[in-house]
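Undergrad: First, the structure itself, so that you have it in front of you.
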Amino acid sequence: MISVIEVSHIYKKYKIGESPPYFTLRDAISGILQSPFRKKRETLEEDEFWALRNITFSIKQGEIVGVVGSNGAGKSTMLKTLCRITAPTRGKIILTGSVASLLDVGTGFQSELTGRENIFLNGAILGMDRNEVKCKFRDIVAFSELEKFLDTPFKYYSSGMFVRLGFAIAAYLNSEILIFDEVLAAGDDAFQKKAVNKMKELQSNGKTIIFVSHNMDLLQSLCKRVICLHKGVIEADGETRQIIQYYLEHNYQ
Amino acid sequence: MGKKTIREIIIGPKSSYHLIDLHELWQYRELLLVLAWRDIKIRYKQTLLGIAWVVFQPLINMVIFSFFFGKVAKIPSGNLPYPLFVLSGLIFWIFFSNAISNASNSLIINEDMIKKVYFPKMIAPLATILTALLDFAINLVLLAGSLLLFGRIPSMATFVILPICIIVTVITTSGIGLFLSAVNVKYRDVRYILPFFIQLLLFVTPIIYPANMLKKEHLYIIALNPMTGIVTAFRTVIERSGTIDYSLLIIGCISSLMIFFIGLVYFHKTERFFADIV
């Protein structure tokens, strides 16, 4: 099997100074006027925060890989670099195939528009054309069980409904790689079960899935492999049961 | 299942060498349309006047300007009655100013999307220009109606000049829009300063007065704003008199391409950090 995600030595730095340097043009201009010879406020070492350090792994086609880690471990940052939302400070990622991601409940959904309109909007955000979305429209609606609410504006949807629709759109469109960040938590048990089955089905069709969760049962039932992040570093990477045990023992939670 | 060719995506700390990824833009063309359509839809759902607002803006401007500049100040308007003269300039001006002010806010408005999904960021400002173009089309109908009302038939050259004018305006506003949207992500006060500058720019562009009121050497400086050449050429063909001042149009075209290039380069250099600072 070929590896579809190849991550090598990724670093990500954020600046966490007390006040971000120059957020208004006015400040920038007065800053220059006050000290024209100082190019920029010198950044102190403490201002830097490495959200990711030397992250290296590869994922083969058809794998479902879980990611665990306590809050602030860098899970979301890692997913964001994989989705090309934010650029790594150093390192390289090679992705083979298109990526669909669901990093938050209801991303890109527009509250004024109806469910139907939002399906097309979201499909377009994921880079699909209208015909592709049309083909999958019934499946998406059926899976999310939102037939009755298709013409209701999105602002009246519950967070569970957001997740169901968001997941369905990501799952049914033709992306080779799917990335989910702790989104199923807003759905009920029945939906979670349904989503797990769907992901297994996608896997058998050759899709690759990365899945962040704090729900150990969900990880256990879904993935053979889990990556454990801690403070921006990969602490462990391997068979699900061992990693979960390791994670719970170290009690990062 | 997938008929698409699988592309390898390489992600690294440096910007890609391509200033513009046409393949990717084409792939996301649907998003461009959907975002423009969303803007229009939301605008009409939330505003009382809806579509009437589009024509309200040039109409009110035309009435006010015709009274003060045409009647009171007696600014010459060539062969055209002043209301037609000013309306023909205003529809381009409104296109220009709405496009750049909406584009400059486009990334901030789509903050949520930028932070949570990947898409070519350029789509956001470009979609607002598409929306402005649609409004322009409506205003063009308004102008056509007004011309008929006054019994004026534009010359056949309009069919050549008008598309050129539209294309140059789109290129110019895209360039300014790309630049300002990127600047606006970092410096949030730009959007408060911008209306003031647009206002100033109106007076240094021959919209409410004819270009030939100015000295040649001043005119060439003002022609650096592509809208000068555009509006002047457009008026020449609708008033059916005189010849088009191609020098102004050419200066405008060159300037427009330069503006576009600068906007594109700046956008390309900064877009990788939008998600971190927006």
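The values are calculated or read from the model by the stated rules, or taken from the named source; none is laboratory data. The shown structure was predicted, so the numbers you read here are calculated from the model rather than taken from an experiment. Neighbour counts are summed over all protein chains in view; Cβ atoms, including those assigned to glycine, are modelled from backbone coordinates with ideal geometry. The accessibility values were calculated without ligands, DNA or RNA, using every heavy atom of the protein model including side chains. Shrake-Rupley method; radii C 1.70, N 1.55, O 1.52, S 1.80 Å.
Undergrad: Inside segment A:4-51, can you point out the residues that are open to solvent by 70 Å² or more (accessible area, probe 1.4 Å), at negative phi and either in a strand (DSSP E or B) or at pLDDT 85 or above (or both)?
TA: Within segment A:4-51, A:E6, A:K15, A:F49, A:W50 qualify.
Undergrad: Related question: What's the total number of residues in segment A:137-183 that are open to solvent by 40 Å² or more (accessible area, probe 1.4 Å), within 21 Å of B:E30 (Cα to Cα) and at pLDDT 90 or above?
TA: Result for segment A:137-183: 2.
Undergrad: Residue check, B:I109 against (1) hydrophobic (A, V, I, L, M, F, W, C); (2) more than 21 Å from the chain's Cα centre (by Cα); (3) surrounded by fewer than 16 Cβ atoms within 10 Å (Cβ to Cβ), all met but one. Which one?
TA: Looking at each condition in turn, B:I109 falls short on (2).
Undergrad: Ok, one more. Just one of B:L148, B:L134 is in contact (Cβ under 8 Å) with a residue 24 or more places away in the chain, open to solvent by 40 Å² or more (accessible area, probe 1.4 Å) and of a type in the set (A, V, I, L, M); which is it?
TA: Going through B:L148, B:L134 in turn, just one is in contact (Cβ under 8 Å) with a residue 24 or more places away in the chain, open to solvent by 40 Å² or more (accessible area, probe 1.4 Å) and of a type in the set (A, V, I, L, M): B:L134.
Undergrad: Collect the residues in segment A:236-253 that are in contact (Cβ under 8 Å) with a residue 24 or more places away in the chain and in a strand (DSSP E or B), keeping them in residue-number order.
TA: A:D237
Undergrad: Hey, another quick one. From B:L219, B:L224, B:L201, B:L162, which residue is aliphatic (A, V, I, L, M) and under 30 Å from B:I277 (Cβ atoms)?
TA: B:L201
Undergrad: Further question on the same structure: Do you know which residues across segment A:121-134 are at the interface with chain B (Cβ under 7 Å from one of its Cβ atoms) and surrounded by fewer than 22 Cβ atoms within 10 Å (Cβ to Cβ)?
TA: A:D129, A:R130
Undergrad: Based on this model, can you work out whether A:G72 counts as away from chain B (no Cβ under 11 Å), closer than 30 Å to A:K224 by Cα and either open to solvent by less than 10 Å² (accessible area, probe 1.4 Å) or of a type outside the set (S, T, N, Q) (or both)?
TA: yes
Undergrad: Could you please find all residues in segment A:186-205 being in contact with a Gly (Cβ under 8 Å, 6 or more places away or on another chain) and either under 21 Å from A:I244 (Cα atoms) or open to solvent by less than 20 Å² (accessible area, probe 1.4 Å) (or both)?
TA: A:G187, A:F191, A:A195 - these are the residues of segment A:186-205 that are in contact with a Gly (Cβ under 8 Å, 6 or more places away or on another chain) and either under 21 Å from A:I244 (Cα atoms) or open to solvent by less than 20 Å² (accessible area, probe 1.4 Å) (or both).
Undergrad: Across segment B:148-207, which residue is farthest from the other protein chains (Cβ to nearest Cβ) among those that are of a type in the set (D, E, K, R) and over 21 Å from B:T131 (Cα atoms)?
TA: Here the residue is B:R152.
Undergrad: On to the next question. Confirm whether B:I254 is on the phi < 0 side of the Ramachandran plot and in contact (Cβ under 8 Å) with a residue 60 or more places away in the chain.
TA: no
Undergrad: Ok, one more. Report yes if B:S66 is over 30 Å from A:A124 (Cβ atoms) and hydroxyl-bearing (S, T, Y), otherwise no.
TA: The answer is yes for B:S66.
Undergrad: Taking segment B:197-226 only, how many residues are assigned to a loop (DSSP other than H, G, I, E, B) and more than 20 Å from B:P76 (Cβ to Cβ)?
TA: Residues that pass the stated criteria total 2.
Undergrad: Residues that are without any contact (Cβ under 8 Å) to a residue 12 or more places away in the chain and either among the acidic types (D, E) or over 30 Å from A:K12 (Cα atoms) (or both): list the helices (runs of 4 or more DSSP H) wholly contained in segment B:1-101 that include at least 3 such residues.
TA: B:29-46, B:51-65
Undergrad: Something else about it: Any chance you could count how many residues in segment B:112-125 are touching a residue at least 40 places away in the same chain (Cβ under 8 Å) and either surrounded by fewer than 21 Cβ atoms within 10 Å (Cβ to Cβ) or farther than 28 Å from B:M227 by Cα (or both)?
TA: Looking only at that region, the number is 4.
Undergrad: Right, another one. If a residue has to be under 17 Å from B:A132 (Cβ atoms) and either more than 25 Å from the chain's Cα centre (by Cα) or open to solvent by 50 Å² or more (accessible area, probe 1.4 Å) (or both) to count, how many in segment B:3-42 make the cut?
TA: 3
Undergrad: Run A:T96 past the list (1) closer than 25 Å to A:K193 by Cα; (2) within 7 Å of another protein chain (Cβ to nearest Cβ); (3) not charged (D, E, K, R) and report the number of the one that doesn't hold.
TA: A:T96 satisfies every listed condition except (1).
Undergrad: Also, I was wondering about something else. Please determine whether any residue of segment B:152-171 is of a type in the set (S, T, N, Q), open to solvent by less than 20 Å² (accessible area, probe 1.4 Å) and within 30 Å of B:K121 (Cβ to Cβ).
TA: Yes, some residue in segment B:152-171 is of a type in the set (S, T, N, Q), open to solvent by less than 20 Å² (accessible area, probe 1.4 Å) and within 30 Å of B:K121 (Cβ to Cβ).
Undergrad: To continue, here is another question. Going by the structure shown, is A:I209 buried (at least 20 other Cβ atoms within 10 Å of the Cβ) and touching a strand residue (DSSP E or B) at 6+ places or on another chain (Cβ under 8 Å)?
TA: Answer is yes for this residue.
Undergrad: Quick check on this structure: which one of A:R116, A:R90 is more than 9 Å from chain B (Cβ to nearest Cβ), surrounded by fewer than 19 Cβ atoms within 10 Å (Cβ to Cβ) and either touching a Cys at 6+ places or on another chain (Cβ under 6 Å) or not β-branched (V, I, T) (or both)?
TA: Only one candidate qualifies: A:R116.
Undergrad: Just to confirm my filter: which helices (runs of 4 or more DSSP H) fall fully inside segment A:101-218 and include at least 2 residues that are farther than 29 Å from B:Y44 by Cα?
TA: A:130-144, A:159-172, A:189-204
Undergrad: Next question, about the same structure. Which of the residues that make up segment B:13-28 are within 17 Å of A:A124 (Cβ to Cβ) and facing chain A (nearest Cβ under 8 Å)?
TA: B:Q27, B:Y28
Undergrad: Turning to a different aspect of this structure: Report yes if some residue within segment B:234-251 is more than 26 Å from B:I153 (Cβ to Cβ), within 22 Å of the chain's Cα centre (by Cα) and surrounded by 14 or more Cβ atoms within 10 Å (Cβ to Cβ); otherwise report no.
TA: Yes; the residues of segment B:234-251 include at least one that is more than 26 Å from B:I153 (Cβ to Cβ), within 22 Å of the chain's Cα centre (by Cα) and surrounded by 14 or more Cβ atoms within 10 Å (Cβ to Cβ).
Undergrad: Considering segment B:252-278 alone, what residues qualify as being more than 14 Å from every other protein chain (Cβ to nearest Cβ), open to solvent by less than 30 Å² (accessible area, probe 1.4 Å) and aromatic (F, W, Y)?
TA: Result: B:F267, single match.
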